[in-house]
Amino acid sequence: MVSLTRSSSAAPNHAARGSVLLALLGLALPIVAFFAARQTDQVTLLQATGAACGAVGLGLLAILLARRARRNIERSIGRMGGEASARVGRLLGFLALCVGLIAAVALGFYELLNVFG
């Protein structure tokens, strides 16, 4: 009779899960910020764009966690799971990074137009 032991089951890769979570938060941040600016009078569009720049940090953290997850998988010689989650986290992290950089460029051009226009 063969039963699974602790060493034969795949260990959870918390870094891979964390990268997906941070990337999803980075993608949700601009949506929530612009929704708040549209629904309330207390948040301006300029403040929402500034908050959307926070997606850069969350995207970078997601990319770094995905990298750590891939390194953990390599160190365990493939016994640790989470390779697909690490890929998804890295992809969504790059997407969150791009969204945050676009918001930062938009904010920068707005400030330039205020200075020179």
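Condition check: among the aliphatic types (A, V, I, L, M), closer than 19 Å to G100 by Cα and modelled with pLDDT of 90 or more. Does A51 satisfy that?
yes
Look through A51, A66 and report the one residue that is part of a helix (DSSP H, G or I), buried (at least 20 other Cβ atoms within 10 Å of the Cβ), hydrophobic (A, V, I, L, M, F, W, C) and under 15 Å from the mean Cα position of the chain (by Cα). Step through it out loud before you land on a result.
Working: A51 fails: buried (at least 20 other Cβ atoms within 10 Å of the Cβ).
Being part of a helix (DSSP H, G or I), buried (at least 20 other Cβ atoms within 10 Å of the Cβ), hydrophobic (A, V, I, L, M, F, W, C) and under 15 Å from the mean Cα position of the chain (by Cα) holds for just one of A51, A66, which is A66.
With V99, V32, V20, V56 as the choices, which residue is of a type in the set (V, I, T), assigned to a helix (DSSP H, G or I) and loosely packed, with under 14 Cβ neighbours inside 10 Å?
The unique qualifying residue is V32.
Can you tell me which of (1) at pLDDT below 95; (2) in a helix (DSSP H, G or I) is the one R87 doesn't meet?
(1)
Would you check which residues across segment 35-48 are in a helix (DSSP H, G or I) and surrounded by fewer than 17 Cβ atoms within 10 Å (Cβ to Cβ) and list them?
Hits for segment 35-48 are F35, A36, R38, Q39, L45, L46, Q47.
The values are calculated or read from the model by the stated rules, or taken from the named source; none is laboratory data. What you are looking at is a predicted structure, and each value in this text was computed from that prediction instead of being measured. Cβ coordinates were reconstructed from backbone atoms using ideal geometry, including for glycine residues, and neighbour counts include every protein chain displayed.
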